[in-house]
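The values are calculated or read from the model by the stated rules, or taken from the named source; none is laboratory data. On a predicted model such as this, the values are computed, not experimentally measured, just so you know. So basically every Cβ, Gly included, is an ideal-geometry build from the backbone, and we count neighbours across all protein chains shown. Surface areas here come from the heavy atoms of the whole protein model, side chains and all, with no ligands, DNA or RNA. Shrake-Rupley method; radii C 1.70, N 1.55, O 1.52, S 1.80 Å.
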Amino acid sequence: MQRGTAARYPQDPKDVGGQCMPDMRFAPPNPLRIADRSSGLNAVSVRSHNERLVLSLLLQKSATTRLEIGEQTGLSAQTVSVLVRSLEQEGLVAKGEAQKGRVGPPTVPLTLNPEGAFSIGISVGNRHTDIVLIDFVGKIRFHKTLPNPQLAHGSNHSDFLETIARAVKLLPDAERDRLAGVGLALPRHLSGGMDDEAYFEALQAEIEEQLGIAVFVQNDITAAASGESMFGAAKTQSDYMFFYLGANLHGRLILNHQIYNGNSTVSFDVGISALERKLIRQGKEVEALWDRVGVWPDYGEVISEWKEPLIDQMNDSLNAISQFVEIETVFLSSYAPERVCQEICRKLEAANPNIRASAGNIAGSPKAVGAASLPFSSRFMVS
């Protein structure tokens, strides 16, 4: 696998043709897989698209067969065999054990090879930055949380770059060229009064220059939705409402795997920051709220009081969208404890009997894992 030129998202939907356009499912794919060097709609580019299509199907299902790939894509059995053989040789696809006991010859399931590719994800949050290294099936191989880096002298900026380099060094030398890139998930705004745009551009350029790794950029909430769709609870779904519970509550509408994000930077102050203020007024310890370990102290009735306006806001968002689109499925992603997210989902279902709400299953840092999905999708998947 060879490195190529970094692909980047527009920082605002208006950047695309001057119109409000939907974000693509993940990072925008290159026209060809990285190993290809042709251009135009020739045999090479068609084959590359078909290979991406096979990898995308394997991503959505834990295992599938050549027969199922042919049925879902319309490709001939011979074409599927050629594509799968090529992907196996590149180490991106692996064979499972033959399944016997059926009529006809045993079927051999195909899966993505976890060692086939790796990616680094970086999420700059309200207070902390998360850095993860994941394999080709989304398993976290390394996770580190740091205070947000700043360009100012004396900050932890050098520690931030060293942590990324340490994640790269976790890969054996023989697998270093299987690093697809770095995904950078950025918020619309940061606290602290800094020039966010200049800071983010400098951060991206510095990672690329000092580490020599291609960087793919996306809004942090959209990245979280991408990660849940690619590796998490939403991977089998195509249409749903996605909520992210962080310092504030954020939402994204997903239709036919497309993540829609309007021009406005809408967020709702009913998230973890609102809970923090309630706890501070009662003199309770609040630092655990921002930990990534998924455990909160017993805060008693304060949690119940906090959940009411949160669920009301989720209901309002669903009611507004239902005027245009019928939503039956909701996913709630967060680094908050799974138990808390599940309780919120149960209360949301009770208030909306026609929807099914589920907590995301990417623990620790959904936004960082979502960021790490960007190089994979850009280089290997069909958007």
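Filter the range 238-257 down to residues that are open to solvent by 50 Å² or more (accessible area, probe 1.4 Å) and either of a type outside the set (D, E) or touching a Gly at 6+ places or on another chain (Cβ under 9 Å) (or both), then give me how many there are.
Just the residues of the range 238-257 that are open to solvent by 50 Å² or more (accessible area, probe 1.4 Å), to begin with: 239, 256.
Then keep just the ones that are either of a type outside the set (D, E) or touching a Gly at 6+ places or on another chain (Cβ under 9 Å) (or both); that gives 256.
Here the count works out to 1.
Output the residues belonging to the range 313-338 that are of a type outside the set (A, V, I, L, M, F, W, C) and touching a Ser or Thr at 6+ places or on another chain (Cβ under 9 Å).
T329, Y335
May I ask you to verify whether V325 is among the β-branched types (V, I, T), open to solvent by less than 50 Å² (accessible area, probe 1.4 Å), more than 30 Å from F142 (Cβ to Cβ) and not in a helix (DSSP H, G or I)?
yes
Name the residue that is modelled with the lowest pLDDT, counting only residues in the range 128-151 that are more than 30 Å from A63 (Cβ to Cβ) and touching a Pro at 6+ places or on another chain (Cβ under 7 Å).
Among those residues, the one meeting the criterion is H128.
Would you confirm whether any residue within the range 344-354 is within 19 Å of V266 (Cα to Cα) and either outside any helix (DSSP H, G or I) or modelled with pLDDT under 90 (or both)?
no
Give the residues of the range 64-88 that are touching a residue at least 40 places away in the same chain (Cβ under 8 Å) and buried (at least 16 other Cβ atoms within 10 Å of the Cβ), sorted by residue number.
T64, T65, R66, I69 - these are the residues of the range 64-88 that are touching a residue at least 40 places away in the same chain (Cβ under 8 Å) and buried (at least 16 other Cβ atoms within 10 Å of the Cβ).
Is there a residue being closer than 21 Å to G364 by Cα, in a helix (DSSP H, G or I) and out of contact with any Cys (no Cβ under 7 Å at 6 or more places or on another chain) anywhere in the range 280-288?
For the range 280-288, residues closer than 21 Å to G364 by Cα, in a helix (DSSP H, G or I) and out of contact with any Cys (no Cβ under 7 Å at 6 or more places or on another chain): present.
Taking only pairs six or more apart or across chains, which ones have beta-carbon atoms under 8 Å, a first residue in the range 333-346 that is more than 19 Å from D312 (Cβ to Cβ), and a second residue that is of a type in the set (G, A, S) and open to solvent by 70 Å² or more (accessible area, probe 1.4 Å)?
Y335/A363; E338/A363
Regarding S358, is this residue in contact with a helix residue (DSSP H, G or I) (Cβ under 8 Å, 6 or more places away or on another chain), open to solvent by 10 Å² or more (accessible area, probe 1.4 Å), outside any helix (DSSP H, G or I) and at pLDDT 95 or above?
yes
Take G154 and decide whether it is over 30 Å from G360 (Cβ atoms), open to solvent by less than 60 Å² (accessible area, probe 1.4 Å), in a loop (DSSP other than H, G, I, E, B) and at pLDDT below 90.
Criteria not met by G154.
Give the residues of the range 291-316 that are in contact (Cβ under 8 Å) with a residue 40 or more places away in the chain and open to solvent by less than 20 Å² (accessible area, probe 1.4 Å), sorted by residue number.
Matches in the range 291-316: K307, L310, I311, M314.
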